[in-house]
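Enquirer: What follows is a structure written as C-alpha coordinates; I'll ask about it next.
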Amino acid sequence: MTQPVVGVLALQGGVAEHLAMLESLGARVVRVRSASDLVGDDGAPVIDALILPGGESSTMDRLCRTFGLFDPLREVIAAGLPVLGTCAGLIMLASQIEDPAPGQQSLGVLDVTVTRNAFGSQVDSAEVSLKWAGSRVAVVRAAFIRAPAVTRVGGDVEVLARYQDSVVAVRQGNILAISFHPELTGDTTVHEELLGLVRLEAAI
Amino acid sequence: MVNMTHTVHSPADNKTPVTGSKLVKSGLADMLKGGVIMDVVTAEQAKIAEDSGAVAVMALERVPADIRAQGGVARMSDPDLIEQIIDTVSIPVMAKARIGHFVEAQVLEHLKVDYIDESEVLSPADFVNHIDKHRFTVPFVCGATNLGEALRRITEGAAMIRSKGEAGTGDVSEATRHIRTIRSQIAELQGLYNVSPDALYVKAKELSAPYELVVEVARTGKLPVVLFTAGGIATPADAAMMMQLGADGVFVGSGIFKSGNPAERARAIVAATAYYDDPARIAEASRGLGEAMVGINVADLTAPHRLAERGW
(Lines give C-alpha, C1' and ligand atoms only; values in the text may rest on other atoms or scores of the structure.)
Protein backbone atom coordinates (compact mmCIF):
# COMPACT_ATOMS: atom_id res chain seq x y z
CA MET A 1 0.00 0.00 0.00
CA THR A 2 0.98 3.64 -0.24
CA GLN A 3 2.58 5.39 2.69
CA PRO A 4 -0.03 5.67 5.49
CA VAL A 5 -0.90 9.15 6.74
CA VAL A 6 -1.25 9.32 10.50
CA GLY A 7 -2.58 12.36 12.35
CA VAL A 8 -1.55 13.22 15.89
CA LEU A 9 -3.87 15.51 17.88
CA ALA A 10 -1.48 18.42 18.50
CA LEU A 11 -3.12 20.84 20.93
CA GLN A 12 -1.10 19.99 24.04
CA GLY A 13 1.12 17.20 25.37
CA GLY A 14 3.69 14.70 24.14
CA VAL A 15 3.13 15.18 20.39
CA ALA A 16 6.68 15.33 19.02
CA GLU A 17 7.61 11.89 20.39
CA HIS A 18 4.70 10.24 18.52
CA LEU A 19 5.54 12.11 15.31
CA ALA A 20 9.17 10.94 15.49
CA MET A 21 8.20 7.32 16.17
CA LEU A 22 5.63 7.25 13.34
CA GLU A 23 8.16 8.70 10.89
CA SER A 24 10.72 6.09 11.96
CA LEU A 25 8.11 3.45 11.02
CA GLY A 26 7.63 4.94 7.53
CA ALA A 27 4.36 6.82 8.07
CA ARG A 28 3.65 10.34 6.88
CA VAL A 29 2.54 12.49 9.80
CA VAL A 30 0.08 15.35 10.17
CA ARG A 31 -0.50 17.56 13.21
CA VAL A 32 -4.24 17.69 13.85
CA ARG A 33 -5.09 21.18 15.16
CA SER A 34 -8.49 21.89 13.63
CA ALA A 35 -11.41 19.96 12.15
CA SER A 36 -10.08 20.45 8.59
CA ASP A 37 -6.95 18.43 9.50
CA LEU A 38 -9.28 15.53 10.28
CA VAL A 39 -12.05 15.51 7.69
CA GLY A 40 -12.38 16.95 4.18
CA ASP A 41 -15.28 18.96 2.75
CA ASP A 42 -17.04 15.68 1.90
CA GLY A 43 -16.94 14.66 5.56
CA ALA A 44 -14.56 11.75 4.91
CA PRO A 45 -11.35 11.47 6.96
CA VAL A 46 -8.22 12.92 5.33
CA ILE A 47 -5.95 10.67 7.41
CA ASP A 48 -5.58 6.87 7.63
CA ALA A 49 -5.15 6.74 11.41
CA LEU A 50 -5.06 9.02 14.43
CA ILE A 51 -3.15 9.22 17.70
CA LEU A 52 -4.53 10.97 20.79
CA PRO A 53 -1.30 11.63 22.72
CA GLY A 54 -0.46 11.91 26.39
CA GLY A 55 -0.80 15.26 28.10
CA GLU A 56 -3.29 16.73 30.53
CA SER A 57 -6.63 15.15 29.61
CA SER A 58 -8.72 17.95 31.15
CA THR A 59 -6.79 20.58 29.14
CA MET A 60 -7.05 18.63 25.88
CA ASP A 61 -10.78 18.06 26.44
CA ARG A 62 -11.41 21.75 27.05
CA LEU A 63 -9.44 22.80 23.94
CA CYS A 64 -11.21 20.20 21.76
CA ARG A 65 -14.62 21.44 22.83
CA THR A 66 -13.72 25.15 22.56
CA PHE A 67 -12.20 24.84 19.11
CA GLY A 68 -14.70 22.55 17.40
CA LEU A 69 -12.72 19.31 17.39
CA PHE A 70 -14.78 17.29 19.84
CA ASP A 71 -17.65 16.22 17.54
CA PRO A 72 -15.48 15.61 14.44
CA LEU A 73 -13.14 13.44 16.53
CA ARG A 74 -16.03 11.42 17.90
CA GLU A 75 -17.56 10.97 14.46
CA VAL A 76 -14.41 9.76 12.63
CA ILE A 77 -13.53 7.36 15.43
CA ALA A 78 -17.09 6.00 15.69
CA ALA A 79 -17.04 5.51 11.91
CA GLY A 80 -14.03 3.21 12.24
CA LEU A 81 -10.86 5.30 11.73
CA PRO A 82 -7.99 3.37 13.35
CA VAL A 83 -6.97 5.26 16.50
CA LEU A 84 -4.44 4.91 19.30
CA GLY A 85 -4.96 6.75 22.59
CA THR A 86 -2.02 6.92 25.02
CA CYS A 87 -2.52 7.97 28.67
CA ALA A 88 -4.63 11.15 28.37
CA GLY A 89 -5.74 9.77 24.99
CA LEU A 90 -7.16 6.68 26.71
CA ILE A 91 -9.12 8.95 29.07
CA MET A 92 -10.49 10.95 26.12
CA LEU A 93 -11.71 7.79 24.35
CA ALA A 94 -13.41 6.20 27.38
CA SER A 95 -17.17 6.04 27.80
CA GLN A 96 -16.84 6.90 31.49
CA ILE A 97 -14.30 8.70 33.71
CA GLU A 98 -14.59 7.81 37.42
CA ASP A 99 -12.93 10.98 38.68
CA PRO A 100 -13.19 13.69 36.01
CA ALA A 101 -11.90 17.22 36.55
CA PRO A 102 -14.84 19.65 36.98
CA GLY A 103 -16.80 19.68 33.72
CA GLN A 104 -14.45 17.24 31.98
CA GLN A 105 -16.07 15.18 29.19
CA SER A 106 -14.86 12.25 27.10
CA LEU A 107 -15.56 11.13 23.55
CA GLY A 108 -17.32 7.99 24.78
CA VAL A 109 -16.31 5.81 21.82
CA LEU A 110 -14.54 3.07 23.83
CA ASP A 111 -16.67 0.96 26.18
CA VAL A 112 -14.49 1.17 29.30
CA THR A 113 -14.44 3.06 32.58
CA VAL A 114 -11.14 4.71 33.52
CA THR A 115 -9.74 6.24 36.67
CA ARG A 116 -7.19 9.06 36.39
CA ASN A 117 -3.84 9.02 38.25
CA ALA A 118 -4.54 5.41 39.25
CA PHE A 119 -0.97 4.64 40.33
CA GLY A 120 -0.31 7.68 42.53
CA SER A 121 1.58 10.94 42.12
CA GLN A 122 4.74 11.60 40.10
CA VAL A 123 7.06 9.91 42.65
CA ASP A 124 5.21 6.66 41.80
CA SER A 125 5.64 7.13 38.02
CA ALA A 126 7.75 4.23 36.69
CA GLU A 127 9.34 2.42 33.76
CA VAL A 128 8.60 -1.29 33.49
CA SER A 129 8.32 -4.14 30.97
CA LEU A 130 4.89 -5.67 30.28
CA LYS A 131 3.51 -8.65 28.39
CA TRP A 132 1.70 -7.44 25.27
CA ALA A 133 -1.02 -9.72 23.88
CA GLY A 134 -1.83 -7.93 20.65
CA SER A 135 -1.74 -9.31 17.10
CA ARG A 136 1.67 -10.61 18.11
CA VAL A 137 2.88 -11.49 21.58
CA ALA A 138 5.72 -9.25 22.77
CA VAL A 139 7.37 -7.59 25.72
CA VAL A 140 6.69 -3.86 25.73
CA ARG A 141 8.87 -1.35 27.54
CA ALA A 142 6.38 1.05 29.10
CA ALA A 143 6.62 4.35 30.98
CA PHE A 144 3.74 5.12 33.33
CA ILE A 145 3.54 8.86 34.07
CA ARG A 146 0.74 9.69 36.55
CA ALA A 147 -1.08 7.07 34.52
CA PRO A 148 -4.77 6.17 34.33
CA ALA A 149 -6.09 2.60 34.57
CA VAL A 150 -9.09 0.82 33.09
CA THR A 151 -11.46 -0.25 35.88
CA ARG A 152 -14.32 -1.68 33.79
CA VAL A 153 -14.09 -3.40 30.42
CA GLY A 154 -17.12 -3.63 28.10
CA GLY A 155 -18.19 -6.82 26.33
CA ASP A 156 -16.49 -6.06 22.99
CA VAL A 157 -13.26 -4.92 24.57
CA GLU A 158 -10.17 -7.10 24.51
CA VAL A 159 -7.48 -6.71 27.22
CA LEU A 160 -3.95 -6.45 25.75
CA ALA A 161 -1.83 -5.76 28.84
CA ARG A 162 -1.98 -5.54 32.62
CA TYR A 163 0.22 -3.84 35.21
CA GLN A 164 -0.06 -4.43 38.98
CA ASP A 165 -3.41 -6.21 38.50
CA SER A 166 -4.82 -3.26 36.54
CA VAL A 167 -5.87 -3.29 32.89
CA VAL A 168 -3.58 -0.86 31.05
CA ALA A 169 -4.09 -1.70 27.37
CA VAL A 170 -7.28 -2.51 25.47
CA ARG A 171 -8.63 -2.90 21.94
CA GLN A 172 -12.18 -2.50 20.69
CA GLY A 173 -12.36 -2.89 16.90
CA ASN A 174 -10.08 -0.22 15.41
CA ILE A 175 -9.59 1.54 18.75
CA LEU A 176 -6.36 0.87 20.65
CA ALA A 177 -5.92 2.52 24.03
CA ILE A 178 -3.10 2.29 26.56
CA SER A 179 -2.26 3.86 29.93
CA PHE A 180 1.46 4.16 29.25
CA HIS A 181 3.99 5.85 26.97
CA PRO A 182 5.89 3.62 24.53
CA GLU A 183 6.76 6.78 22.58
CA LEU A 184 9.01 7.79 25.50
CA THR A 185 10.82 4.46 25.84
CA GLY A 186 11.24 4.02 22.08
CA ASP A 187 9.33 0.70 21.97
CA THR A 188 7.51 0.53 18.61
CA THR A 189 5.25 -2.51 19.30
CA VAL A 190 2.05 -0.53 19.90
CA HIS A 191 2.59 1.88 17.00
CA GLU A 192 3.20 -1.10 14.69
CA GLU A 193 -0.10 -2.53 15.94
CA LEU A 194 -1.85 0.71 14.89
CA LEU A 195 -0.22 0.62 11.44
CA GLY A 196 -1.33 -3.03 11.20
CA LEU A 197 -4.95 -1.87 11.62
CA VAL A 198 -4.39 0.65 8.80
CA ARG A 199 -3.07 -2.10 6.51
CA LEU A 200 -6.06 -4.27 7.35
CA GLU A 201 -8.47 -1.43 6.44
CA ALA A 202 -6.64 -0.86 3.15
CA ALA A 203 -6.74 -4.56 2.26
CA ILE A 204 -10.54 -4.83 2.38
CA MET B 1 26.44 15.33 55.94
CA VAL B 2 23.36 13.17 56.34
CA ASN B 3 23.08 10.52 53.68
CA MET B 4 20.13 11.71 51.61
CA THR B 5 18.10 8.83 50.28
CA HIS B 6 15.85 8.61 47.23
CA THR B 7 18.48 7.61 44.68
CA VAL B 8 17.29 5.71 41.64
CA HIS B 9 17.40 1.97 42.12
CA SER B 10 18.34 -0.22 39.17
CA PRO B 11 16.75 -3.64 39.49
CA ALA B 12 18.45 -6.62 37.88
CA ASP B 13 15.30 -7.64 35.98
CA ASN B 14 13.05 -5.51 33.79
CA LYS B 15 9.80 -6.55 35.49
CA THR B 16 10.50 -4.46 38.58
CA PRO B 17 9.22 -0.89 38.13
CA VAL B 18 11.95 1.77 38.07
CA THR B 19 10.88 5.06 39.67
CA GLY B 20 12.74 8.36 39.53
CA SER B 21 14.63 7.58 36.32
CA LYS B 22 15.68 10.36 33.98
CA LEU B 23 13.04 9.18 31.48
CA VAL B 24 10.23 9.20 34.03
CA LYS B 25 11.27 12.62 35.38
CA SER B 26 11.54 14.32 32.00
CA GLY B 27 8.51 12.33 30.79
CA LEU B 28 6.12 14.34 32.96
CA ALA B 29 7.58 17.57 31.56
CA ASP B 30 7.01 16.16 28.04
CA MET B 31 3.34 15.74 28.88
CA LEU B 32 3.08 19.39 29.99
CA LYS B 33 4.28 20.70 26.61
CA GLY B 34 2.02 23.23 24.89
CA GLY B 35 0.44 24.02 28.24
CA VAL B 36 0.19 26.73 30.88
CA ILE B 37 1.36 26.24 34.48
CA MET B 38 -0.34 28.71 36.81
CA ASP B 39 0.71 30.12 40.20
CA VAL B 40 -2.04 29.68 42.81
CA VAL B 41 -2.10 30.69 46.48
CA THR B 42 -5.38 29.08 47.61
CA ALA B 43 -7.37 25.92 46.87
CA GLU B 44 -10.08 28.10 45.24
CA GLN B 45 -7.55 29.58 42.83
CA ALA B 46 -6.25 26.07 42.08
CA LYS B 47 -9.79 25.03 41.13
CA ILE B 48 -10.18 28.04 38.84
CA ALA B 49 -6.83 27.21 37.20
CA GLU B 50 -7.79 23.56 36.64
CA ASP B 51 -11.21 24.54 35.32
CA SER B 52 -9.57 27.01 32.91
CA GLY B 53 -7.34 24.36 31.33
CA ALA B 54 -4.04 24.71 33.23
CA VAL B 55 -1.79 21.65 32.75
CA ALA B 56 -0.42 22.06 36.29
CA VAL B 57 -0.49 24.49 39.19
CA MET B 58 2.35 25.96 41.24
CA ALA B 59 1.27 26.04 44.89
CA LEU B 60 2.70 28.97 46.84
CA GLU B 61 1.85 31.36 49.67
CA ARG B 62 2.48 34.60 47.82
CA VAL B 63 2.66 35.26 44.09
CA PRO B 64 5.91 36.92 42.98
CA ALA B 65 4.26 40.37 42.70
CA ASP B 66 3.41 40.20 46.42
CA ILE B 67 6.80 38.79 47.40
CA ARG B 68 8.29 41.76 45.58
CA ALA B 69 5.89 44.28 47.19
CA GLN B 70 6.14 42.91 50.74
CA GLY B 71 9.86 42.13 50.77
CA GLY B 72 11.50 40.01 53.47
CA VAL B 73 12.75 36.44 53.18
CA ALA B 74 10.57 34.25 50.92
CA ARG B 75 10.54 30.53 51.80
CA MET B 76 8.85 27.23 50.96
CA SER B 77 5.07 27.36 51.53
CA ASP B 78 3.25 25.88 54.52
CA PRO B 79 2.73 22.11 54.01
CA ASP B 80 -0.96 22.57 54.95
CA LEU B 81 -1.49 24.89 52.00
CA ILE B 82 0.33 22.56 49.61
CA GLU B 83 -1.67 19.54 50.79
CA GLN B 84 -4.96 21.43 50.46
CA ILE B 85 -4.11 22.23 46.86
CA ILE B 86 -3.00 18.63 46.14
CA ASP B 87 -6.32 17.41 47.56
CA THR B 88 -8.33 19.93 45.54
CA VAL B 89 -7.11 19.36 41.98
CA SER B 90 -6.46 16.34 39.79
CA ILE B 91 -3.78 18.00 37.63
CA PRO B 92 -0.08 17.96 38.67
CA VAL B 93 0.93 20.18 41.59
CA MET B 94 4.34 21.86 41.71
CA ALA B 95 5.87 23.75 44.63
CA LYS B 96 8.92 25.95 45.12
CA ALA B 97 12.02 25.31 47.23
CA ARG B 98 14.73 27.92 47.82
CA ILE B 99 17.88 27.63 45.70
CA GLY B 100 20.19 25.17 47.50
CA HIS B 101 17.65 24.31 50.22
CA PHE B 102 17.71 20.52 49.91
CA VAL B 103 15.69 20.00 53.10
CA GLU B 104 12.79 22.08 51.78
CA ALA B 105 13.03 19.81 48.73
CA GLN B 106 12.95 16.69 50.95
CA VAL B 107 9.82 18.05 52.63
CA LEU B 108 8.14 18.76 49.30
CA GLU B 109 8.99 15.27 48.06
CA HIS B 110 7.52 13.81 51.25
CA LEU B 111 4.31 15.79 50.59
CA LYS B 112 4.23 14.11 47.15
CA VAL B 113 4.26 17.22 45.02
CA ASP B 114 4.67 16.23 41.37
CA TYR B 115 7.48 18.68 40.52
CA ILE B 116 9.79 20.91 42.58
CA ASP B 117 10.78 24.35 41.29
CA GLU B 118 14.18 25.32 42.70
CA SER B 119 13.32 28.95 42.34
CA GLU B 120 15.01 32.34 42.35
CA VAL B 121 11.62 33.84 43.28
CA LEU B 122 12.32 32.63 46.84
CA SER B 123 15.33 33.88 48.80
CA PRO B 124 18.37 31.65 48.07
CA ALA B 125 19.44 29.39 50.95
CA ASP B 126 22.91 28.69 49.54
CA PHE B 127 24.94 31.15 47.49
CA VAL B 128 27.39 28.47 46.31
CA ASN B 129 25.52 25.21 45.67
CA HIS B 130 22.26 24.36 43.99
CA ILE B 131 20.37 21.24 45.14
CA ASP B 132 21.83 17.89 43.99
CA LYS B 133 18.67 16.91 42.16
CA HIS B 134 19.90 13.42 41.22
CA ARG B 135 19.28 12.36 44.82
CA PHE B 136 15.52 12.78 44.50
CA THR B 137 12.75 10.65 42.98
CA VAL B 138 10.61 13.74 42.38
CA PRO B 139 11.69 15.77 39.32
CA PHE B 140 12.93 19.38 39.41
CA VAL B 141 12.48 22.41 37.18
CA CYS B 142 15.08 25.17 37.42
CA GLY B 143 15.38 28.69 36.05
CA ALA B 144 18.03 29.87 33.59
CA THR B 145 18.88 33.13 31.87
CA ASN B 146 21.28 31.59 29.35
CA LEU B 147 22.40 28.25 27.93
CA GLY B 148 25.34 27.73 30.30
CA GLU B 149 23.10 28.16 33.33
CA ALA B 150 20.54 25.75 31.83
CA LEU B 151 23.20 23.10 31.17
CA ARG B 152 24.63 23.43 34.69
CA ARG B 153 21.16 22.84 36.15
CA ILE B 154 20.65 19.82 33.87
CA THR B 155 24.03 18.47 35.03
CA GLU B 156 22.77 18.73 38.61
CA GLY B 157 19.68 16.70 37.63
CA ALA B 158 17.04 19.23 36.53
CA ALA B 159 14.49 17.44 34.31
CA MET B 160 12.94 20.66 32.97
CA ILE B 161 14.20 24.21 32.44
CA ARG B 162 12.29 27.47 32.45
CA SER B 163 13.82 30.69 31.26
CA LYS B 164 13.61 33.08 34.22
CA GLY B 165 12.28 36.36 32.92
CA GLU B 166 11.60 38.81 35.74
CA ALA B 167 8.92 37.36 38.00
CA GLY B 168 6.17 39.51 39.47
CA THR B 169 6.54 42.40 37.03
CA GLY B 170 4.05 41.71 34.24
CA ASP B 171 6.84 43.01 31.95
CA VAL B 172 7.67 40.37 29.38
CA SER B 173 10.94 41.94 28.17
CA GLU B 174 13.26 39.84 30.34
CA ALA B 175 11.43 36.63 29.43
CA THR B 176 11.96 37.56 25.79
CA ARG B 177 15.64 38.26 26.37
CA HIS B 178 16.24 34.96 28.16
CA ILE B 179 14.42 32.69 25.70
CA ARG B 180 16.09 34.48 22.78
CA THR B 181 19.51 34.15 24.43
CA ILE B 182 19.09 30.43 25.06
CA ARG B 183 17.78 29.76 21.55
CA SER B 184 20.52 31.77 19.82
CA GLN B 185 23.25 30.11 21.90
CA ILE B 186 21.84 26.71 20.88
CA ALA B 187 21.79 27.80 17.22
CA GLU B 188 25.42 28.88 17.50
CA LEU B 189 26.48 25.46 18.83
CA GLN B 190 24.45 23.75 16.12
CA GLY B 191 26.27 25.81 13.50
CA LEU B 192 29.64 24.73 14.85
CA TYR B 193 28.75 21.03 14.97
CA ASN B 194 29.51 20.27 11.33
CA VAL B 195 31.78 23.18 10.43
CA SER B 196 34.27 23.24 13.31
CA PRO B 197 33.44 20.68 15.99
CA ASP B 198 36.82 21.30 17.63
CA ALA B 199 35.48 24.71 18.70
CA LEU B 200 32.98 22.95 20.97
CA TYR B 201 35.74 22.32 23.55
CA VAL B 202 36.24 26.02 24.11
CA LYS B 203 32.46 26.58 23.95
CA ALA B 204 32.08 24.13 26.84
CA LYS B 205 34.65 26.14 28.74
CA GLU B 206 32.93 29.45 27.95
CA LEU B 207 29.53 28.06 28.94
CA SER B 208 31.00 26.44 32.09
CA ALA B 209 29.12 23.29 31.12
CA PRO B 210 30.17 19.67 30.51
CA TYR B 211 31.61 19.05 27.03
CA GLU B 212 29.38 15.97 26.42
CA LEU B 213 26.23 17.99 27.08
CA VAL B 214 27.46 20.81 24.82
CA VAL B 215 28.04 18.29 22.01
CA GLU B 216 24.57 16.81 22.52
CA VAL B 217 22.96 20.25 22.23
CA ALA B 218 25.10 21.03 19.14
CA ARG B 219 24.06 17.74 17.50
CA THR B 220 20.33 17.87 18.28
CA GLY B 221 19.77 21.64 18.16
CA LYS B 222 17.78 21.60 21.38
CA LEU B 223 18.10 21.21 25.13
CA PRO B 224 17.93 17.58 26.30
CA VAL B 225 14.93 18.54 28.48
CA VAL B 226 11.74 20.54 28.01
CA LEU B 227 12.15 24.34 27.97
CA PHE B 228 9.34 26.53 29.32
CA THR B 229 9.32 30.31 29.70
CA ALA B 230 8.44 32.26 32.83
CA GLY B 231 8.60 35.69 34.40
CA GLY B 232 6.39 38.58 33.27
CA ILE B 233 3.83 36.87 31.03
CA ALA B 234 0.51 38.70 31.50
CA THR B 235 -1.50 38.46 28.26
CA PRO B 236 -2.49 35.83 25.65
CA ALA B 237 -0.21 37.57 23.15
CA ASP B 238 2.73 37.41 25.61
CA ALA B 239 2.24 33.65 25.93
CA ALA B 240 1.93 33.12 22.18
CA MET B 241 5.08 35.18 21.56
CA MET B 242 7.05 32.95 23.94
CA MET B 243 5.78 29.90 22.05
CA GLN B 244 6.73 31.43 18.70
CA LEU B 245 10.19 32.14 20.12
CA GLY B 246 10.58 28.42 20.76
CA ALA B 247 9.28 27.77 24.28
CA ASP B 248 7.59 24.40 24.88
CA GLY B 249 5.06 26.01 27.24
CA VAL B 250 4.66 28.85 29.74
CA PHE B 251 4.50 29.55 33.46
CA VAL B 252 2.17 32.40 34.42
CA GLY B 253 2.68 33.67 37.95
CA SER B 254 1.13 36.93 39.07
CA GLY B 255 -0.35 37.61 35.60
CA ILE B 256 -3.57 35.69 36.16
CA PHE B 257 -4.68 36.16 39.75
CA LYS B 258 -3.46 39.79 39.89
CA SER B 259 -5.67 40.66 36.92
CA GLY B 260 -9.29 41.89 36.83
CA ASN B 261 -10.88 38.64 35.64
CA PRO B 262 -8.66 35.65 36.47
CA ALA B 263 -10.86 32.84 35.07
CA GLU B 264 -11.37 34.56 31.70
CA ARG B 265 -7.71 35.52 31.43
CA ALA B 266 -6.57 32.01 32.38
CA ARG B 267 -8.76 30.45 29.66
CA ALA B 268 -7.53 33.01 27.15
CA ILE B 269 -3.86 32.36 27.90
CA VAL B 270 -4.45 28.58 27.60
CA ALA B 271 -6.08 29.07 24.19
CA ALA B 272 -3.34 31.41 22.95
CA THR B 273 -0.61 29.00 24.10
CA ALA B 274 -2.20 26.08 22.22
CA TYR B 275 -2.90 28.16 19.07
CA TYR B 276 0.22 30.34 19.33
CA ASP B 277 0.64 30.40 15.53
CA ASP B 278 -2.92 31.55 14.79
CA PRO B 279 -3.37 35.36 15.12
CA ALA B 280 -7.15 35.12 14.60
CA ARG B 281 -7.55 32.84 17.60
CA ILE B 282 -5.13 34.92 19.70
CA ALA B 283 -7.17 38.03 18.81
CA GLU B 284 -10.39 36.25 19.79
CA ALA B 285 -8.84 35.13 23.08
CA SER B 286 -7.63 38.66 23.83
CA ARG B 287 -11.06 40.34 23.65
CA GLY B 288 -12.79 41.74 26.73
CA LEU B 289 -10.45 40.38 29.40
CA GLY B 290 -10.62 43.49 31.58
CA GLU B 291 -7.64 44.84 33.47
CA ALA B 292 -4.30 43.11 33.03
CA MET B 293 -2.02 43.19 36.08
CA VAL B 294 -0.66 46.72 36.53
CA GLY B 295 2.95 45.64 36.50
CA ILE B 296 6.34 47.23 36.92
CA ASN B 297 8.77 48.09 34.12
CA VAL B 298 11.90 46.01 34.62
CA ALA B 299 14.00 49.02 33.61
CA ASP B 300 12.75 50.80 36.75
CA LEU B 301 13.96 48.02 39.06
CA THR B 302 17.30 48.57 40.71
CA ALA B 303 19.78 45.69 40.68
CA PRO B 304 19.08 44.13 44.13
CA HIS B 305 15.40 43.76 43.22
CA ARG B 306 16.03 41.75 40.06
CA LEU B 307 15.19 38.13 40.91
CA ALA B 308 16.65 36.73 37.68
CA GLU B 309 20.14 37.58 38.96
CA ARG B 310 19.75 35.01 41.74
CA GLY B 311 21.26 31.65 40.75
CA TRP B 312 24.37 31.20 38.62
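Enquirer: Step by step: first the residues of region A:135-156, then only those that are within 19 Å of A:THR189 (Cβ to Cβ) and not small (Gly, Ala, Ser), then the one that is farthest from the other protein chains (Cβ to nearest Cβ). Which residue is that?
Expert: That would be A:ARG136.
Enquirer: Let me ask something else about it. So, in region A:15-33, of the ones that are within 12 Å of chain B (Cβ to nearest Cβ) and in contact with a Leu (Cβ under 7 Å, 6 or more places away or on another chain), which residue ends up nearest to A:PRO182 (Cα to Cα)?
Expert: Filtering first and then ranking leaves A:GLU17.
Enquirer: Can you confirm whether region B:251-270 contains a residue that is among the aliphatic types (A, V, I, L, M), surrounded by 24 or more Cβ atoms within 10 Å (Cβ to Cβ) and more than 21 Å from the chain's Cα centre (by Cα)?
Expert: No, that holds for no residue.
Enquirer: Across region A:37-46, what is the number of residues that are within 17 Å of A:ILE77 (Cβ to Cβ) and either of a type in the set (D, E, K, R) or within 13 Å of chain B (Cβ to nearest Cβ) (or both)?
Expert: 1
Enquirer: Still on this structure: Specify the residue that is nearest to A:GLY13 (Cα to Cα); the eligible residues are those in region B:253-270 that are aliphatic (A, V, I, L, M), in contact (Cβ under 8 Å) with a residue 60 or more places away in the chain and within 14 Å of chain A (Cβ to nearest Cβ).
Expert: Ranking the candidates gives B:VAL270 first.
Enquirer: For A:ALA169, work out the one condition from (1) in contact with a strand residue (DSSP E or B) (Cβ under 8 Å, 6 or more places away or on another chain); (2) of a type in the set (A, V, I, L, M, F, W, C); (3) within 13 Å of another protein chain (Cβ to nearest Cβ); (4) in contact (Cβ under 8 Å) with a residue 24 or more places away in the chain it doesn't fulfil.
Expert: (3)
Enquirer: Any idea which of B:GLU118, B:GLU104 is more than 14 Å from every other protein chain (Cβ to nearest Cβ), surrounded by 20 or more Cβ atoms within 10 Å (Cβ to Cβ), under 15 Å from the mean Cα position of the chain (by Cα) and closer than 19 Å to A:VAL123 by Cα?
Expert: Result of the check over B:GLU118, B:GLU104: B:GLU118.
Enquirer: Among the listed residues B:ALA285, B:ALA299, B:ALA292, B:ALA274, which satisfies the condition of being surrounded by fewer than 23 Cβ atoms within 10 Å (Cβ to Cβ) and touching a Lys or Arg at 6+ places or on another chain (Cβ under 9 Å)?
Expert: The match here is B:ALA292.
Enquirer: A follow-up question, please. Looking at the structure I just gave you, is A:PRO45 surrounded by fewer than 24 Cβ atoms within 10 Å (Cβ to Cβ) and within 18 Å of A:LEU197 (Cβ to Cβ)?
Expert: Yes, satisfied.
Enquirer: Sticking with this one: Kindly establish whether A:LEU195 is more than 29 Å from B:ASN14 (Cα to Cα), more than 9 Å from chain B (Cβ to nearest Cβ) and surrounded by fewer than 23 Cβ atoms within 10 Å (Cβ to Cβ).
Expert: Against the criterion (more than 29 Å from B:ASN14 (Cα to Cα), more than 9 Å from chain B (Cβ to nearest Cβ) and surrounded by fewer than 23 Cβ atoms within 10 Å (Cβ to Cβ)), A:LEU195 does not qualify.
Enquirer: Same structure, new question: Within the bounds of region A:54-63, is there any residue that is within 14 Å of chain B (Cβ to nearest Cβ), over 19 Å from A:GLU158 (Cα atoms) and surrounded by fewer than 22 Cβ atoms within 10 Å (Cβ to Cβ)?
Expert: No: region A:54-63 contains no residue that is within 14 Å of chain B (Cβ to nearest Cβ), over 19 Å from A:GLU158 (Cα atoms) and surrounded by fewer than 22 Cβ atoms within 10 Å (Cβ to Cβ).
Enquirer: Considering region B:207-256 alone, what residues qualify as being touching a Pro at 6+ places or on another chain (Cβ under 8 Å) and more than 23 Å from B:GLU156 (Cβ to Cβ)?
Expert: Correct list: B:GLY253, B:SER254, B:ILE256.
Enquirer: Among the residues of region B:272-292, write down those that are small (Gly, Ala, Ser) and without any contact (Cβ under 8 Å) to a residue 60 or more places away in the chain.
Expert: Scanning region B:272-292 gives B:ALA272, B:ALA280, B:ALA283, B:ALA285, B:SER286, B:GLY288, B:GLY290.
Enquirer: Still on this model: Hey, any hits in region A:68-76 for a residue that's within 14 Å of another protein chain (Cβ to nearest Cβ), assigned to a helix (DSSP H, G or I), open to solvent by less than 10 Å² (accessible area, probe 1.4 Å) and more than 18 Å from A:ASP156 (Cα to Cα)?
Expert: no
The values are calculated or read from the model by the stated rules, or taken from the named source; none is laboratory data. What you are looking at is a predicted structure, and each value in this text was computed from that prediction instead of being measured. Every residue, glycine among them, receives a Cβ derived from its backbone with ideal geometry; neighbour counts consider all protein chains shown. Just so you know, the surface numbers come from the protein's heavy atoms only, side chains and all, with ligands and any DNA or RNA stripped out. Shrake-Rupley method; radii C 1.70, N 1.55, O 1.52, S 1.80 Å.
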